[in-house]
Amino acid sequence: MNDSDWRLSGQEKYLKGIAFELKTWCSYKSGWDHDHCEFCYDKISSLDDCIHEAYASADNKYWICKKCYEDFRELLL
């Protein structure tokens, strides 16, 4: 992890200590069709042109793509 990585913008302030689990994307509220990775902002959804599987919080509110999760998981502990 590099502290000057463009993807870092203080996410540890609200993500630290949250348990994440690898999941297939699903909506956590009515009318919601996608989320974005908390770090790189890649689109996560069931739509064809999106990431379909990522790490999510138990309530599905926060999603992190596999690449960013691997890069920043130590930051989240």
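Throughout, read-outs are computed from the coordinates displayed, never taken from laboratory work. It should be emphasised that the depicted structure is a prediction, and the values quoted were computed from it without experimental measurement. With ideal geometry, Cβ positions are generated from the backbone for all residues, glycine too; neighbour counts draw on all protein chains shown.
Summarising the strand pairing of the chain, around 80 percent of its internal DSSP beta bridges are antiparallel. All alpha carbon pair distances within the chain were sorted into 10 Å bins beginning at 0; the resulting P(r) in whole percents reads 20, 55, 23, 2. The dipole here belongs to the chain: it is taken about the Cα centre, uses +1 on the Cβ of Lys and Arg and -1 on the Cβ of Asp and Glu, and is about 220 debye. For the chain, the longest principal axis of the alpha carbon atoms and the long axis of helix 66-76 meet at an angle near 50°.
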